[in-house]
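Data first, discussion second: the structure below is written as structure tokens.
The values are calculated or read from the model by the stated rules, or taken from the named source; none is laboratory data. Bear in mind that the values here come from a model prediction, so they are computed numbers and not experimental data. Cβ placement follows ideal geometry from the backbone for every residue including glycine, while neighbour counts extend to all protein chains displayed. Ligands, DNA and RNA are excluded from the accessible area calculation, which covers all protein heavy atoms including side chains. Shrake-Rupley method; radii C 1.70, N 1.55, O 1.52, S 1.80 Å.
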Amino acid sequence: MSWWYDILRQCVFMSFFIIPIPIGSYTIHNGSSAFVALVVYIVLSFCIPWAYLGSREARFSRKQLAIGRGSFVAVWIIISILFGIFSTLMEEVWKYAPFWEWPTVSRDIIFILGMYGEICVIMLGAYIVSRVFSMRTSEGR
């Protein structure tokens, strides 16, 4: 199995632990539900993969390569900062987008796909960073 397919597949399983709670809190639809969903998602999107990467089962591809926790933290921080910058730049467009007129189920599906996509990007990026740093350390010996 290829490394990227293996990571995407394992991200599906991690998503079962990351996505339902923020989506559930968001569907309450009171004033603070979006903020609570965001905070819960931020915490879970960091803690669940962090814990998973510490297990023996967290190996990818036929070579059974691991993602370093340091690489994960670095990529998670970079993606979070980029997302924050992008959302700040797009704030006015986002407020008035016709997306908010869609049915709730449609918006929830879009949010679920977005959260899964972010987890996949973070894990794929962390894998690549881990491989780059492992090659550099093996060349330096």
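The set of residues in the range 39-81 that are touching a residue at least 40 places away in the same chain (Cβ under 8 Å) and within 17 Å of G117 (Cβ to Cβ) comprises Y41, S45, P49, F72, V75, W76, I78, I79. Considered as a group, the residues in the range 5-38 that are under 29 Å from S55 (Cβ atoms) and β-branched (V, I, T) include one that is most open to solvent (accessible area, probe 1.4 Å), and that residue is I21.
Residues in the range 43-91 that are aromatic (F, W, Y) and touching a Lys or Arg at 6+ places or on another chain (Cβ under 6 Å): there are none.
Please specify each residue of the range 94-108 satisfying the condition of being open to solvent by 90 Å² or more (accessible area, probe 1.4 Å) and in a helix (DSSP H, G or I).
Narrowing the range 94-108 to residues open to solvent by 90 Å² or more (accessible area, probe 1.4 Å): 94-96, 98, 101-102, 105.
Within the range 94-108, W94, K95, P98, E101, V105 meet the criteria.
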